[in-house]
1. Could you grab me the full set of residues in the range B:216-239 that are small (Gly, Ala, Ser), over 18 Å from B:LEU160 (Cβ atoms) and either surrounded by 14 or more Cβ atoms within 10 Å (Cβ to Cβ) or outside the structural domain of B:ILE147 (by TED's automatic domain parsing) (or both)?
2. Taking the residues in the range B:267-303 that are in contact (Cβ under 8 Å) with a residue 12 or more places away in the chain and in a helix (DSSP H, G or I) as candidates, determine which candidate is surrounded by the most Cβ atoms within 10 Å (Cβ to Cβ).
3. Taking the range B:2-56 as the search range and keeping residues that are among the aliphatic types (A, V, I, L, M) and surrounded by fewer than 18 Cβ atoms within 10 Å (Cβ to Cβ), which one is modelled with the lowest pLDDT?
4. Restricting the range A:127-147 to residues that are polar (S, T, N, Q) and facing chain B (nearest Cβ under 8 Å), which is nearest to A:ARG75 (Cα to Cα)?
5. Select from the range A:151-161 the residues that are more than 8 Å from chain B (Cβ to nearest Cβ) and closer than 22 Å to A:ALA120 by Cα and write down the one among them that is surrounded by the fewest Cβ atoms within 10 Å (Cβ to Cβ).
6. Could you check the range B:276-289 and list, in sequence order, the residues that are touching a Pro at 6+ places or on another chain (Cβ under 9 Å) and modelled with pLDDT of 90 or more?
7. When the residues of the range A:151-171 are narrowed to those that are among the hydrophobic types (A, V, I, L, M, F, W, C) and not in a helix (DSSP H, G or I), which ends up modelled with the lowest pLDDT?
8. Quick one: what pairs do we get from the range B:203-215, first residue touching a residue at least 24 places away in the same chain (Cβ under 8 Å) and surrounded by 18 or more Cβ atoms within 10 Å (Cβ to Cβ), second of a type in the set (Ser, Thr, Tyr) and part of a loop (DSSP other than H, G, I, E, B), C-beta under 8 Å, 6+ apart or different chains?
Amino acid sequence: MDDSSAKPLLAAYLRKRADLVRYFALRLKSAALAEDVVQDIYVRIASADTGQVANPSAYLYRLGANLMLDRLKQRRRAEARDEAWQEGFLVRMGGEAVAEDPPADAAFAARQRLRRLVSALDDLPPQRRRAFELHKLQGLSHAETAAEMGISRSAVEKHIIAALQQLVALIGPEEDGA
Amino acid sequence: MNRAGAPTYGDAKGEAAAWVVRVHSDAATEDDWLALEAWLAASETRQTAFERAERLWLAYDEPELKRLAQPQGVVVPIEPRRRPMRLAWPRVAAMAASFIAALAVAAGVYLWRAAPTAQTYVTAVGEVRDVRLADGTHVRLNTDTRITVRIGPGGRRVTLERGEAMFDVTHDPARPFEVLAGDQRVADVGTRFDVSLYARMLTVTVASGVVEVGDLPGVGGAPTYRLTAGDQLRRDIGAAVSVTGRASVADALAWTNGYLIFRDATLAQVARALNRYFATPLRPAASVASLRFSGVLMLDGEDTVVGRLEGFMPVRAVRGAQEIVLQPR
(Lines give C-alpha, C1' and ligand atoms only; values in the text may rest on other atoms or scores of the structure.)
Protein backbone atom coordinates (compact mmCIF):
# COMPACT_ATOMS: atom_id res chain seq x y z
CA MET A 1 0.00 0.00 0.00
CA ASP A 2 1.22 3.46 -0.81
CA ASP A 3 1.26 5.46 2.38
CA SER A 4 3.15 8.38 0.87
CA SER A 5 0.01 10.48 0.55
CA ALA A 6 -0.49 10.20 4.30
CA LYS A 7 3.17 11.02 4.93
CA PRO A 8 4.24 14.16 3.09
CA LEU A 9 7.85 13.70 4.21
CA LEU A 10 8.03 10.25 2.71
CA ALA A 11 6.48 11.53 -0.49
CA ALA A 12 9.02 14.35 -0.64
CA TYR A 13 11.81 11.88 0.04
CA LEU A 14 10.81 9.61 -2.81
CA ARG A 15 10.57 12.57 -5.15
CA LYS A 16 13.81 14.23 -3.99
CA ARG A 17 16.05 11.23 -3.40
CA ALA A 18 18.28 11.76 -6.43
CA ASP A 19 18.67 15.48 -5.63
CA LEU A 20 19.64 14.68 -2.04
CA VAL A 21 22.26 12.12 -3.10
CA ARG A 22 23.73 14.60 -5.56
CA TYR A 23 23.89 17.38 -2.94
CA PHE A 24 25.51 15.23 -0.24
CA ALA A 25 27.93 13.72 -2.77
CA LEU A 26 29.09 17.26 -3.50
CA ARG A 27 29.44 17.97 0.24
CA LEU A 28 31.17 14.71 1.14
CA LYS A 29 33.06 14.23 -2.13
CA SER A 30 31.90 10.64 -2.14
CA ALA A 31 28.83 9.07 -3.72
CA ALA A 32 28.99 6.15 -1.28
CA LEU A 33 29.01 8.38 1.83
CA ALA A 34 26.20 10.43 0.33
CA GLU A 35 24.13 7.26 -0.11
CA ASP A 36 24.72 6.49 3.57
CA VAL A 37 23.50 9.91 4.67
CA VAL A 38 20.45 9.75 2.43
CA GLN A 39 19.69 6.29 3.78
CA ASP A 40 19.98 7.76 7.32
CA ILE A 41 17.40 10.36 6.30
CA TYR A 42 15.03 7.59 5.25
CA VAL A 43 15.48 5.67 8.47
CA ARG A 44 14.82 8.81 10.46
CA ILE A 45 11.63 9.88 8.70
CA ALA A 46 10.29 6.32 8.48
CA SER A 47 10.79 5.65 12.17
CA ALA A 48 9.94 8.97 13.75
CA ASP A 49 6.64 10.77 13.83
CA THR A 50 7.82 14.23 12.87
CA GLY A 51 4.38 15.83 12.79
CA GLN A 52 3.69 18.82 10.56
CA VAL A 53 6.61 20.16 8.55
CA ALA A 54 6.17 23.43 6.69
CA ASN A 55 8.46 22.63 3.79
CA PRO A 56 9.17 18.90 3.51
CA SER A 57 11.90 19.08 0.86
CA ALA A 58 13.90 21.74 2.68
CA TYR A 59 13.40 19.81 5.91
CA LEU A 60 15.02 16.71 4.34
CA TYR A 61 18.11 18.70 3.38
CA ARG A 62 18.37 20.13 6.90
CA LEU A 63 17.92 16.73 8.47
CA GLY A 64 20.61 15.38 6.16
CA ALA A 65 23.00 18.18 7.17
CA ASN A 66 22.60 17.17 10.81
CA LEU A 67 23.01 13.48 10.11
CA MET A 68 26.10 14.19 8.00
CA LEU A 69 27.63 16.06 10.91
CA ASP A 70 26.83 13.16 13.26
CA ARG A 71 28.62 10.79 10.89
CA LEU A 72 31.65 13.10 10.68
CA LYS A 73 31.79 13.26 14.47
CA GLN A 74 31.65 9.48 14.76
CA ARG A 75 34.44 9.15 12.24
CA ARG A 76 36.57 11.65 14.09
CA ARG A 77 36.01 9.81 17.36
CA ALA A 78 37.00 6.55 15.67
CA GLU A 79 40.15 8.20 14.38
CA ALA A 80 40.94 9.49 17.84
CA ARG A 81 40.52 5.96 19.20
CA ASP A 82 42.91 4.63 16.58
CA GLU A 83 45.41 7.28 17.50
CA ALA A 84 45.02 6.45 21.17
CA TRP A 85 45.66 2.83 20.32
CA GLN A 86 48.90 3.69 18.65
CA GLU A 87 49.95 5.79 21.58
CA GLY A 88 49.25 2.95 23.97
CA PHE A 89 46.22 4.36 25.72
CA LEU A 90 44.16 1.29 25.01
CA VAL A 91 44.25 -1.84 27.08
CA ARG A 92 42.92 -5.25 26.22
CA MET A 93 40.29 -6.71 28.44
CA GLY A 94 39.02 -10.17 27.59
CA GLY A 95 40.22 -9.75 24.07
CA GLU A 96 38.35 -6.48 23.56
CA ALA A 97 39.95 -3.13 23.11
CA VAL A 98 38.91 -0.73 25.82
CA ALA A 99 39.70 2.92 25.56
CA GLU A 100 41.71 4.14 28.49
CA ASP A 101 41.39 7.74 27.48
CA PRO A 102 40.59 9.42 30.77
CA PRO A 103 36.85 10.16 30.53
CA ALA A 104 37.27 13.19 32.77
CA ASP A 105 39.64 14.73 30.23
CA ALA A 106 37.31 14.05 27.34
CA ALA A 107 34.35 15.48 29.21
CA PHE A 108 36.42 18.45 30.28
CA ALA A 109 37.54 19.13 26.72
CA ALA A 110 33.96 18.88 25.46
CA ARG A 111 32.76 21.30 28.11
CA GLN A 112 35.63 23.67 27.39
CA ARG A 113 34.69 23.67 23.73
CA LEU A 114 31.06 24.53 24.54
CA ARG A 115 32.18 27.23 26.97
CA ARG A 116 34.30 28.72 24.23
CA LEU A 117 31.26 28.83 21.92
CA VAL A 118 29.18 30.50 24.63
CA SER A 119 31.85 33.00 25.66
CA ALA A 120 32.43 33.99 22.02
CA LEU A 121 28.90 35.44 22.11
CA ASP A 122 30.20 38.08 24.53
CA ASP A 123 32.32 39.51 21.73
CA LEU A 124 29.35 40.23 19.47
CA PRO A 125 27.80 43.71 19.36
CA PRO A 126 24.56 43.74 21.44
CA GLN A 127 21.96 43.73 18.64
CA ARG A 128 23.82 41.12 16.67
CA ARG A 129 24.13 38.94 19.74
CA ARG A 130 20.48 39.33 20.68
CA ALA A 131 19.27 38.36 17.20
CA PHE A 132 21.57 35.33 17.18
CA GLU A 133 20.54 34.23 20.69
CA LEU A 134 16.83 34.67 20.15
CA HIS A 135 17.00 32.68 16.94
CA LYS A 136 19.56 30.02 17.80
CA LEU A 137 19.29 29.56 21.55
CA GLN A 138 15.65 30.43 22.14
CA GLY A 139 14.44 28.93 18.90
CA LEU A 140 12.45 31.88 17.58
CA SER A 141 11.94 32.09 13.81
CA HIS A 142 13.35 35.05 11.87
CA ALA A 143 9.89 36.65 11.87
CA GLU A 144 9.43 36.10 15.60
CA THR A 145 12.89 37.46 16.30
CA ALA A 146 12.02 40.53 14.23
CA ALA A 147 8.83 41.08 16.23
CA GLU A 148 10.73 40.54 19.48
CA MET A 149 13.39 43.11 18.61
CA GLY A 150 11.11 45.56 16.85
CA ILE A 151 13.16 45.50 13.67
CA SER A 152 12.54 44.17 10.18
CA ARG A 153 13.00 40.57 9.14
CA SER A 154 15.77 41.49 6.75
CA ALA A 155 17.57 43.38 9.53
CA VAL A 156 17.32 40.25 11.68
CA GLU A 157 18.79 38.14 8.90
CA LYS A 158 21.65 40.60 8.45
CA HIS A 159 22.39 40.50 12.20
CA ILE A 160 22.35 36.71 12.29
CA ILE A 161 24.55 36.39 9.22
CA ALA A 162 27.01 38.93 10.62
CA ALA A 163 26.99 37.06 13.95
CA LEU A 164 27.78 33.75 12.30
CA GLN A 165 30.48 35.32 10.19
CA GLN A 166 32.07 36.90 13.25
CA LEU A 167 31.85 33.67 15.23
CA VAL A 168 33.56 31.77 12.42
CA ALA A 169 36.36 34.33 12.55
CA LEU A 170 36.58 34.15 16.37
CA ILE A 171 36.53 30.40 16.74
CA GLY A 172 39.30 28.32 15.24
CA PRO A 173 38.45 25.35 13.03
CA GLU A 174 39.71 22.95 15.72
CA GLU A 175 37.48 24.43 18.40
CA ASP A 176 34.22 24.62 16.57
CA GLY A 177 32.90 21.22 16.85
CA ALA A 178 32.53 17.63 16.12
CA MET B 1 19.74 38.02 0.79
CA ASN B 2 18.42 37.93 -2.66
CA ARG B 3 16.17 34.92 -2.91
CA ALA B 4 16.60 34.37 -6.63
CA GLY B 5 20.37 34.49 -6.84
CA ALA B 6 23.52 34.28 -4.83
CA PRO B 7 23.90 36.50 -1.78
CA THR B 8 26.23 39.43 -2.18
CA TYR B 9 28.61 39.61 0.75
CA GLY B 10 31.86 40.08 -1.06
CA ASP B 11 33.87 37.04 -0.13
CA ALA B 12 33.30 33.31 0.17
CA LYS B 13 33.24 33.43 3.99
CA GLY B 14 30.57 36.11 4.17
CA GLU B 15 28.55 34.47 1.45
CA ALA B 16 28.88 31.09 3.15
CA ALA B 17 27.46 32.50 6.40
CA ALA B 18 24.57 34.00 4.46
CA TRP B 19 23.84 30.68 2.76
CA VAL B 20 23.91 28.78 6.05
CA VAL B 21 21.41 31.17 7.62
CA ARG B 22 19.23 31.09 4.50
CA VAL B 23 18.96 27.33 4.04
CA HIS B 24 18.69 26.50 7.74
CA SER B 25 15.87 28.99 8.24
CA ASP B 26 12.41 27.50 8.66
CA ALA B 27 11.34 29.60 5.68
CA ALA B 28 13.85 27.86 3.39
CA THR B 29 12.52 26.15 0.29
CA GLU B 30 13.71 23.42 -2.03
CA ASP B 31 14.83 26.14 -4.45
CA ASP B 32 17.12 27.63 -1.81
CA TRP B 33 18.93 24.32 -1.46
CA LEU B 34 19.21 23.87 -5.23
CA ALA B 35 20.62 27.38 -5.53
CA LEU B 36 23.08 26.60 -2.73
CA GLU B 37 24.19 23.48 -4.55
CA ALA B 38 24.92 25.51 -7.67
CA TRP B 39 26.85 28.06 -5.60
CA LEU B 40 28.90 25.37 -3.85
CA ALA B 41 29.68 23.51 -7.06
CA ALA B 42 31.52 26.51 -8.45
CA SER B 43 34.54 26.39 -6.13
CA GLU B 44 36.40 24.45 -3.49
CA THR B 45 36.92 27.64 -1.46
CA ARG B 46 33.16 28.04 -1.16
CA GLN B 47 32.73 24.44 -0.04
CA THR B 48 35.34 24.81 2.69
CA ALA B 49 33.88 28.11 3.88
CA PHE B 50 30.36 26.70 3.89
CA GLU B 51 31.40 23.57 5.75
CA ARG B 52 33.02 25.58 8.54
CA ALA B 53 30.11 27.98 8.88
CA GLU B 54 27.53 25.19 8.87
CA ARG B 55 29.43 23.09 11.41
CA LEU B 56 29.60 26.04 13.78
CA TRP B 57 25.94 26.85 13.17
CA LEU B 58 24.90 23.32 14.10
CA ALA B 59 27.23 23.29 17.11
CA TYR B 60 25.08 26.05 18.65
CA ASP B 61 22.11 23.66 18.53
CA GLU B 62 23.65 21.32 21.09
CA PRO B 63 21.35 21.04 24.10
CA GLU B 64 24.37 21.04 26.41
CA LEU B 65 25.47 24.40 25.01
CA LYS B 66 22.02 25.88 25.56
CA ARG B 67 22.15 24.74 29.15
CA LEU B 68 25.53 26.37 29.60
CA ALA B 69 24.25 29.61 28.11
CA GLN B 70 21.14 29.53 30.34
CA PRO B 71 21.72 27.19 33.25
CA GLN B 72 18.09 26.99 34.33
CA GLY B 73 17.18 25.55 30.99
CA VAL B 74 14.22 27.90 30.71
CA VAL B 75 15.37 29.12 27.33
CA VAL B 76 11.99 28.50 25.75
CA PRO B 77 9.80 31.55 26.14
CA ILE B 78 7.19 30.69 28.74
CA GLU B 79 4.37 31.69 26.45
CA PRO B 80 4.66 30.55 22.84
CA ARG B 81 5.39 33.52 20.62
CA ARG B 82 2.72 32.62 18.11
CA ARG B 83 -0.12 33.78 20.29
CA PRO B 84 -0.45 37.34 21.53
CA MET B 85 1.42 37.92 24.75
CA ARG B 86 -0.43 36.81 27.80
CA LEU B 87 0.90 36.65 31.29
CA ALA B 88 -0.29 33.40 32.80
CA TRP B 89 0.91 33.79 36.34
CA PRO B 90 0.08 30.49 37.99
CA ARG B 91 1.58 28.68 35.01
CA VAL B 92 4.69 30.81 35.06
CA ALA B 93 5.22 29.99 38.68
CA ALA B 94 4.42 26.29 38.26
CA MET B 95 6.71 25.94 35.27
CA ALA B 96 9.51 27.80 36.93
CA ALA B 97 9.13 25.67 40.02
CA SER B 98 9.23 22.43 38.06
CA PHE B 99 12.24 23.57 36.06
CA ILE B 100 14.01 24.54 39.23
CA ALA B 101 13.19 21.21 40.81
CA ALA B 102 14.40 19.33 37.77
CA LEU B 103 17.49 21.34 37.11
CA ALA B 104 18.60 22.77 40.41
CA VAL B 105 21.36 20.23 40.75
CA ALA B 106 22.62 20.63 37.20
CA ALA B 107 22.46 24.41 37.37
CA GLY B 108 24.30 24.41 40.66
CA VAL B 109 27.06 22.29 39.23
CA TYR B 110 27.41 24.55 36.20
CA LEU B 111 27.46 27.68 38.28
CA TRP B 112 30.05 26.40 40.69
CA ARG B 113 32.28 24.72 38.16
CA ALA B 114 32.12 27.79 36.01
CA ALA B 115 32.48 30.33 38.78
CA PRO B 116 32.87 33.16 38.36
CA THR B 117 31.71 32.70 34.77
CA ALA B 118 28.77 34.94 34.03
CA GLN B 119 25.31 33.48 33.50
CA THR B 120 22.86 35.57 31.56
CA TYR B 121 19.09 35.47 31.87
CA VAL B 122 16.85 37.19 29.37
CA THR B 123 13.10 37.66 29.12
CA ALA B 124 11.24 38.59 25.97
CA VAL B 125 8.65 41.37 25.78
CA GLY B 126 5.61 40.21 27.74
CA GLU B 127 7.47 37.40 29.44
CA VAL B 128 8.02 37.04 33.17
CA ARG B 129 10.33 34.41 34.51
CA ASP B 130 11.48 33.08 37.85
CA VAL B 131 15.09 32.15 38.36
CA ARG B 132 16.61 30.47 41.38
CA LEU B 133 20.30 31.31 41.63
CA ALA B 134 22.84 28.81 42.89
CA ASP B 135 22.95 30.52 46.29
CA GLY B 136 19.19 30.12 46.75
CA THR B 137 18.36 33.72 45.89
CA HIS B 138 15.08 34.02 44.01
CA VAL B 139 14.91 36.48 41.12
CA ARG B 140 11.72 37.31 39.25
CA LEU B 141 12.47 38.95 35.91
CA ASN B 142 9.94 41.35 34.45
CA THR B 143 9.29 41.90 30.75
CA ASP B 144 12.18 42.63 28.35
CA THR B 145 14.88 42.25 30.97
CA ARG B 146 18.46 41.09 30.84
CA ILE B 147 20.63 40.28 33.85
CA THR B 148 24.06 38.74 34.18
CA VAL B 149 24.91 36.80 37.33
CA ARG B 150 28.35 36.05 38.70
CA ILE B 151 28.60 34.03 41.86
CA GLY B 152 32.00 33.36 43.31
CA PRO B 153 33.35 32.29 46.67
CA GLY B 154 33.92 35.92 47.69
CA GLY B 155 30.74 37.58 46.51
CA ARG B 156 27.61 37.58 44.43
CA ARG B 157 27.11 40.12 41.68
CA VAL B 158 24.14 40.71 39.40
CA THR B 159 24.30 43.23 36.57
CA LEU B 160 20.93 44.54 35.47
CA GLU B 161 21.52 45.52 31.87
CA ARG B 162 17.92 46.53 31.17
CA GLY B 163 14.43 46.02 32.48
CA GLU B 164 13.33 45.15 35.97
CA ALA B 165 13.86 42.41 38.52
CA MET B 166 12.71 41.62 42.04
CA PHE B 167 15.33 40.02 44.28
CA ASP B 168 14.62 37.87 47.30
CA VAL B 169 18.13 37.44 48.60
CA THR B 170 19.39 34.52 50.63
CA HIS B 171 21.41 35.87 53.51
CA ASP B 172 25.10 34.99 53.39
CA PRO B 173 27.47 37.30 55.29
CA ALA B 174 30.52 35.69 53.70
CA ARG B 175 29.37 36.56 50.21
CA PRO B 176 27.90 40.05 49.83
CA PHE B 177 25.11 40.38 47.28
CA GLU B 178 25.13 43.37 44.96
CA VAL B 179 23.20 44.56 41.94
CA LEU B 180 24.90 46.85 39.43
CA ALA B 181 22.49 48.98 37.41
CA GLY B 182 23.32 52.04 35.34
CA ASP B 183 25.97 53.93 37.32
CA GLN B 184 24.89 52.60 40.71
CA ARG B 185 25.61 49.66 42.94
CA VAL B 186 22.85 48.31 45.15
CA ALA B 187 24.31 46.36 48.05
CA ASP B 188 22.10 44.09 50.05
CA VAL B 189 22.31 42.24 53.32
CA GLY B 190 19.50 39.74 52.98
CA THR B 191 16.23 41.22 51.91
CA ARG B 192 13.62 41.69 49.21
CA PHE B 193 13.89 44.58 46.78
CA ASP B 194 13.13 45.63 43.23
CA VAL B 195 15.46 47.30 40.75
CA SER B 196 14.35 48.68 37.40
CA LEU B 197 16.26 50.39 34.63
CA TYR B 198 14.10 51.87 31.89
CA ALA B 199 15.16 54.65 29.57
CA ARG B 200 18.07 55.63 31.83
CA MET B 201 15.80 55.93 34.86
CA LEU B 202 16.92 53.76 37.76
CA THR B 203 14.40 52.91 40.47
CA VAL B 204 15.15 50.90 43.61
CA THR B 205 12.29 49.92 45.92
CA VAL B 206 12.86 48.02 49.16
CA ALA B 207 10.19 45.61 50.39
CA SER B 208 12.05 44.35 53.47
CA GLY B 209 15.49 44.58 55.03
CA VAL B 210 18.15 47.16 54.23
CA VAL B 211 20.03 48.02 51.06
CA GLU B 212 22.68 50.58 50.25
CA VAL B 213 22.77 52.36 46.91
CA GLY B 214 25.96 54.10 45.86
CA ASP B 215 28.24 54.64 42.93
CA LEU B 216 29.78 51.76 41.05
CA PRO B 217 33.15 50.70 42.43
CA GLY B 218 35.72 53.04 40.98
CA VAL B 219 33.20 55.74 39.99
CA GLY B 220 32.90 58.15 42.94
CA GLY B 221 30.91 61.25 43.32
CA ALA B 222 27.29 60.62 44.18
CA PRO B 223 26.42 60.01 47.83
CA THR B 224 25.48 56.58 49.15
CA TYR B 225 21.87 56.10 50.27
CA ARG B 226 20.71 53.64 52.86
CA LEU B 227 17.19 52.40 52.19
CA THR B 228 14.87 50.44 54.45
CA ALA B 229 11.47 48.84 53.87
CA GLY B 230 9.12 51.18 52.04
CA ASP B 231 11.90 53.45 50.76
CA GLN B 232 12.30 54.17 47.09
CA LEU B 233 15.23 55.73 45.25
CA ARG B 234 14.93 57.24 41.80
CA ARG B 235 17.75 58.48 39.70
CA ASP B 236 18.54 59.63 36.20
CA ILE B 237 21.69 57.75 35.25
CA GLY B 238 24.63 60.15 35.38
CA ALA B 239 22.89 62.70 37.60
CA ALA B 240 24.72 64.24 40.56
CA VAL B 241 22.15 63.13 43.13
CA SER B 242 19.36 60.62 43.49
CA VAL B 243 15.89 61.31 44.88
CA THR B 244 14.58 59.21 47.72
CA GLY B 245 11.17 59.01 49.29
CA ARG B 246 8.51 56.71 50.64
CA ALA B 247 6.67 54.53 48.18
CA SER B 248 3.95 51.94 48.16
CA VAL B 249 5.76 48.62 48.00
CA ALA B 250 2.52 46.97 46.83
CA ASP B 251 2.38 49.35 43.86
CA ALA B 252 6.03 48.89 42.97
CA LEU B 253 5.84 45.10 43.13
CA ALA B 254 2.37 44.73 41.60
CA TRP B 255 3.94 43.44 38.40
CA THR B 256 5.16 40.35 40.22
CA ASN B 257 1.48 39.43 40.62
CA GLY B 258 0.53 40.23 37.03
CA TYR B 259 -0.93 43.71 37.29
CA LEU B 260 0.05 47.37 37.38
CA ILE B 261 -1.25 50.05 39.72
CA PHE B 262 -1.60 53.66 38.61
CA ARG B 263 -2.39 56.63 40.82
CA ASP B 264 -3.25 59.87 39.07
CA ALA B 265 -0.99 58.95 36.15
CA THR B 266 -1.27 60.62 32.77
CA LEU B 267 -2.38 58.46 29.86
CA ALA B 268 1.09 59.01 28.38
CA GLN B 269 2.65 57.50 31.52
CA VAL B 270 0.19 54.60 31.45
CA ALA B 271 0.99 53.90 27.78
CA ARG B 272 4.72 54.04 28.50
CA ALA B 273 4.38 51.52 31.32
CA LEU B 274 2.19 49.18 29.27
CA ASN B 275 4.49 49.35 26.26
CA ARG B 276 7.12 47.47 28.20
CA TYR B 277 4.82 44.45 28.13
CA PHE B 278 3.26 44.46 24.69
CA ALA B 279 4.59 43.92 21.22
CA THR B 280 2.47 46.61 19.56
CA PRO B 281 3.10 50.01 21.13
CA LEU B 282 0.22 52.13 22.43
CA ARG B 283 0.34 55.82 21.58
CA PRO B 284 -2.14 58.32 23.00
CA ALA B 285 -3.04 61.14 20.64
CA ALA B 286 -1.76 64.52 21.88
CA SER B 287 -5.26 65.67 22.87
CA VAL B 288 -5.72 62.78 25.33
CA ALA B 289 -2.10 62.23 26.47
CA SER B 290 -2.53 64.28 29.66
CA LEU B 291 -5.83 62.74 30.77
CA ARG B 292 -5.45 61.27 34.27
CA PHE B 293 -5.97 57.65 35.22
CA SER B 294 -6.10 55.90 38.58
CA GLY B 295 -6.69 52.20 38.81
CA VAL B 296 -5.43 48.67 38.50
CA LEU B 297 -4.76 47.08 35.13
CA MET B 298 -4.41 43.31 34.89
CA LEU B 299 -1.75 42.39 32.34
CA ASP B 300 -3.77 39.67 30.69
CA GLY B 301 -3.34 40.50 27.02
CA GLU B 302 -2.97 43.67 25.05
CA ASP B 303 -6.43 43.62 23.47
CA THR B 304 -8.12 43.08 26.82
CA VAL B 305 -6.09 45.84 28.47
CA VAL B 306 -6.81 48.28 25.66
CA GLY B 307 -10.50 47.35 25.89
CA ARG B 308 -10.49 48.21 29.59
CA LEU B 309 -8.79 51.55 28.97
CA GLU B 310 -11.56 52.33 26.46
CA GLY B 311 -14.06 51.51 29.19
CA PHE B 312 -12.37 53.62 31.87
CA MET B 313 -11.45 56.66 29.80
CA PRO B 314 -13.03 58.71 27.01
CA VAL B 315 -10.79 57.19 24.34
CA ARG B 316 -11.11 54.68 21.52
CA ALA B 317 -8.33 52.53 20.12
CA VAL B 318 -7.44 52.74 16.44
CA ARG B 319 -5.32 49.78 15.43
CA GLY B 320 -2.65 50.30 12.81
CA ALA B 321 0.02 47.98 11.50
CA GLN B 322 2.77 49.33 13.75
CA GLU B 323 0.92 50.81 16.72
CA ILE B 324 -2.38 51.30 18.48
CA VAL B 325 -3.40 54.96 18.68
CA LEU B 326 -5.70 56.10 21.49
CA GLN B 327 -7.97 58.76 19.99
CA PRO B 328 -10.48 60.99 21.78
CA ARG B 329 -13.95 59.50 21.73
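1. B:ALA229, B:GLY230
2. So, considering only residues that are in contact (Cβ under 8 Å) with a residue 12 or more places away in the chain and in a helix (DSSP H, G or I), the one surrounded by the most Cβ atoms within 10 Å (Cβ to Cβ) is B:VAL270.
3. B:ALA4
4. That would be A:GLN138.
5. Only one residue tops the list, namely A:ALA155.
6. Of everything in the range B:276-289, those that are touching a Pro at 6+ places or on another chain (Cβ under 9 Å) and modelled with pLDDT of 90 or more turn out to be B:ALA285, B:SER287, B:VAL288.
7. Only one residue tops the list, namely A:ILE171.
8. Listed by first residue and then by second, the contacts come to B:VAL206/B:THR191; B:ALA207/B:THR191; B:VAL211/B:THR191; B:VAL213/B:THR224; B:VAL213/B:SER242; B:GLY214/B:THR224.
The values are calculated or read from the model by the stated rules, or taken from the named source; none is laboratory data. Since the model is a prediction, treat every value here as computed from it, not as a measurement. Reconstructed Cβ throughout: ideal geometry from the backbone, glycine too, with neighbour counts over all protein chains shown.
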